[in-house]
Amino acid sequence: MPWVLLVLMLLSSCQISRQTKQQVSQVIAVKKDSSLTCDDPVTRCALSSPYESVFLRSTIDGQNRAQLLDSGSDALALRLHLIRSARVSINIQSFIWVNDDAGHLMIQELLTAAKRGVKVRVIIDQMFSMGSSRFVAEISTLHENLSFRMYNPVLGEAHTSPFDFFSALACCLASMNKRMHNKVFVVDGQYGMVGGRNYQSRYYDWDESFNYKDRDVLAVGPEVVDMVASFETFWNSKHVVPTEYLMDVSQRILSDNITHNDWTKAYDAKATIKINQALDTEWIQANWIPELITVTQLDFFSDSHDKPFNKASRKRNAQLTEKINRLIESTERKLLMQTPYLVFSKKARKILKKLRKEKPNYELTVSTNSLASTDAFYVYAISFKKKRYYLKTLGMNIHEFRAKPADWTQMFSLGQINERTRFGMHGKSFVVDDRYSMIGSHNFDPRSDYLNTEAGFIIDSHEFAEKLTKNINQDLLNKNAWRVAAKEQIPFFSDVSGVLATISRKLPVLDIWPFRYATSYELKPGHEEVPPSHPDFYKNFEAVGNFPEVNLPLKQIQTIIISAFAGFAEPVM
């Protein structure tokens, strides 16, 4: 009974009172800077960007342009360039925003834009962002043109203490699990970017210990208007709260217990390099503008702001998951997918199973993380449990990214990274029949289908699909990924083991049959890469175990245990 009362008290205190809101608003009105550094209301002293002429052409011919961004370093520089060129508005949604070097630089640049008179609005999911209510209180009071809001804040706070976090797990897990996973960046309603990147150094080749190979797409053209409309629905959603009205932040503001960063401080060496790249319009004209592709069709899709909370909303055809499923169902010859987490939802597995039955010869290739490269071993454990089903029933060709791909110096910008840096794959993309591409935040997993809001582009263009395919194919090469395939079959024993393994893998708990159907393979020196269906596969490849290059026995043990006992948790992984 005391625990129930405590839970009720927590729930009842998740919002500040109307009186506190008024007090906070009064303090903010005084604290927020309203001065402008630019007296030109038309140009806002913005950088003249080569992308302006591209947008002008799109308004004339009505066609969208798309630019693929696989380099983390370029993805950061382009964001900075577009911020510097903004004249009217900047709208950003992000699942994660960390106040590290990259995250801090972005806020500093957004503040500078706000001081020029640009309206800057940012929506952040609360779960893994900022990490300090004192810092959130500061950025909430910087300038009247700079506004932050948070999606579904746990217990109405910007930062939850360990006690509050576990209290929320006990009382509000269903609500707590519903997150905004959108990664959207829009400038002036003309330039829009979606993809997998959050605001943290590891997404932009700036982390010495671990970096992601990720992917964004920049769109220039009329479709960007739909991105603005989607952002507005989130901004005005009841699930999105102004950061100054969060319980812990409001108290910080009222007591003036906030951080005090020097936002005029000169940039350090690595930030200066990025800023100089962002300002070099001649280099941008020569190197980035030619990368823009005029596509046949480009459509932006975003889940509605209330999708995780509303079952009826999830069933609407406009939701991204429905568009993805329909596009995958349309596959005739080839489906190439890349996802960091190989945990397909039940519905997705059903679609792929039906596709294999109707088109037995179609090619299904998947690029994903190995245990060595993943940032979430507990999710990999569920994937490990499903390997036999993916390979035998769905007919997947699975390639698992290495923590140190041989092409790492080509894939990542040399600067902060070094020989000791570990890498992981974070791109969420697929290509259907060398024509249709999808790039966004959707991981093709149960979370993306039901618990998260997601956003992405679906692009109709052979040229764009060819470029995306080329990039993913590099990740598939043996020097950059291990091949996952069935073990060599032993007469009688393999058949008996397969039956017992099938029964064991279907159990949500006690999946304890020790013999695995598949393992990882390495190409032997001097041999040719061939698919597992080729008669020379086992002659050309050698088995390297289930978890190659994982030197932490504890991680291996945990993966096996989770695979054996936590199958019931698959829907929320």
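The values are calculated or read from the model by the stated rules, or taken from the named source; none is laboratory data. Predicted model only: the values in this text are computed from it and were never measured. With ideal geometry, Cβ positions are generated from the backbone for all residues, glycine too; neighbour counts draw on all protein chains shown.
In this structure, does Ile258 turn out to be over 27 Å from the mean Cα position of the chain (by Cα), crowded, with 24+ Cβ neighbours inside 10 Å and not small (Gly, Ala, Ser)? No, not satisfied. Only one of these is part of a strand (DSSP E or B), more than 27 Å from Asp207 (Cβ to Cβ) and in contact (Cβ under 8 Å) with a residue 24 or more places away in the chain: Ile439, Ile458. Name it. So the residue among Ile439, Ile458 that is part of a strand (DSSP E or B), more than 27 Å from Asp207 (Cβ to Cβ) and in contact (Cβ under 8 Å) with a residue 24 or more places away in the chain is Ile458.
For region 89-142, the set of residues classified as closer than 23 Å to Gln190 by Cβ, touching a residue at least 40 places away in the same chain (Cβ under 8 Å) and part of a strand (DSSP E or B) consists of Ser89, Ile90, Asn91, Ile92, Gln93, Ser94, Arg121, Ile123, listed by residue number. Looking across Asn287, Asn276, Asn310, Asn236, one residue alone is modelled with pLDDT under 95, exposed (fewer than 15 other Cβ atoms within 10 Å of the Cβ) and not aliphatic (A, V, I, L, M). It is Asn310. Do the conditions hold for Val241, that is, is it under 23 Å from the mean Cα position of the chain (by Cα), closer than 18 Å to Gly156 by Cβ and hydrophobic (A, V, I, L, M, F, W, C)? When the stated conditions are applied, Val241 passes them.
Just one of the listed residues (Arg57, Arg79) is touching a residue at least 12 places away in the same chain (Cβ under 8 Å) and basic (Lys, Arg), namely Arg79.
Taking region 406-429 as the range and being surrounded by fewer than 18 Cβ atoms within 10 Å (Cβ to Cβ) and among the aliphatic types (A, V, I, L, M) as the test, the residues that pass are Ala406, Leu414.
So that you can scan it fast, the table gives a plain yes or no per residue for (1) of a type in the set (A, V, I, L, M, F, W, C); (2) in contact with a helix residue (DSSP H, G or I) (Cβ under 9 Å, 6 or more places away or on another chain); (3) not assigned by TED's automatic domain parsing to the domain that holds Val154:
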residue: Lys213; (1), (2), (3): no, yes, no
residue: Asp216; (1), (2), (3): no, yes, no
residue: Trp235; (1), (2), (3): yes, no, no
residue: Ser255; (1), (2), (3): no, no, no
residue: Asp262; (1), (2), (3): no, no, no
residue: Lys265; (1), (2), (3): no, yes, no
residue: Asp268; (1), (2), (3): no, yes, no
residue: Lys274; (1), (2), (3): no, yes, no
residue: Glu291; (1), (2), (3): no, yes, yes
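Do the conditions hold for Gln67, that is, is it assigned to a loop (DSSP other than H, G, I, E, B), more than 28 Å from Val240 (Cβ to Cβ) and in contact (Cβ under 8 Å) with a residue 60 or more places away in the chain? It is false that Gln67 is assigned to a loop (DSSP other than H, G, I, E, B), more than 28 Å from Val240 (Cβ to Cβ) and in contact (Cβ under 8 Å) with a residue 60 or more places away in the chain. Can you find a residue that is closer than 18 Å to Ser71 by Cα, within 23 Å of the chain's Cα centre (by Cα) and part of a strand (DSSP E or B) anywhere in region 262-282? No.
Within region 130-144, the set of residues being of a type in the set (A, V, I, L, M, F, W, C) and under 21 Å from Val154 (Cβ atoms) comprises Met130, Phe135, Val136, Ala137, Ile139. Candidates in region 173-209 are the residues that are in contact with a Ser or Thr (Cβ under 6 Å, 6 or more places away or on another chain) and polar (S, T, N, Q); of these, the one that is nearest to Gln416 (Cα to Cα) is Asn198. Screening the candidates Thr296, Thr321 for the property of being touching a His at 6+ places or on another chain (Cβ under 8 Å) and in contact (Cβ under 8 Å) with a residue 60 or more places away in the chain yields one hit, Thr321.
Taking region 463-483 as the range and being among the aliphatic types (A, V, I, L, M) and either within 13 Å of Asp434 (Cα to Cα) or part of a helix (DSSP H, G or I) (or both) as the test, the residues that pass are Ala465, Leu468, Ile472, Leu476.
State yes or no: is Leu336 within 19 Å of Trp482 (Cα to Cα), in the same structural domain as Arg402 (by TED's automatic domain parsing) and buried (at least 22 other Cβ atoms within 10 Å of the Cβ)? In short, yes.
This table checks each residue for (1) out of contact with any Gly (no Cβ under 9 Å at 6 or more places or on another chain); (2) modelled with pLDDT of 95 or more; (3) aliphatic (A, V, I, L, M).
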{"position": "Leu69", "(1), (2), (3)": "no, yes, yes"}
{"position": "Leu78", "(1), (2), (3)": "yes, yes, yes"}
{"position": "Ile83", "(1), (2), (3)": "yes, yes, yes"}
{"position": "Ile90", "(1), (2), (3)": "yes, yes, yes"}
{"position": "Trp97", "(1), (2), (3)": "no, yes, no"}
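Within region 199-216, track down each residue that is of a type outside the set (S, T, N, Q), in contact (Cβ under 8 Å) with a residue 12 or more places away in the chain, crowded, with 17+ Cβ neighbours inside 10 Å and over 15 Å from Ser441 (Cα atoms). Within region 199-216, Tyr204, Asp205, Trp206, Asp207 qualify. Taking every residue in region 15-43 that is exposed (fewer than 11 other Cβ atoms within 10 Å of the Cβ) and pairing it with any residue that is at pLDDT 95 or above, at least 6 positions away or on another chain, the pairs with Cβ-Cβ distances below 7 Å are Ser34/Glu144; Pro41/Gly117. Is it the case that Ile398 is touching a Lys or Arg at 6+ places or on another chain (Cβ under 8 Å) and in the same structural domain as Gly427 (by TED's automatic domain parsing)? When the stated conditions are applied, Ile398 passes them.
Among the candidates Ala219, Ala271, the residue that is surrounded by 24 or more Cβ atoms within 10 Å (Cβ to Cβ) and among the small types (Gly, Ala, Ser) is uniquely Ala219. For Asn471, the stated conditions do not hold, so it cannot be described as surrounded by 22 or more Cβ atoms within 10 Å (Cβ to Cβ), in contact with a strand residue (DSSP E or B) (Cβ under 8 Å, 6 or more places away or on another chain), at pLDDT 95 or above and not acidic (Asp, Glu).
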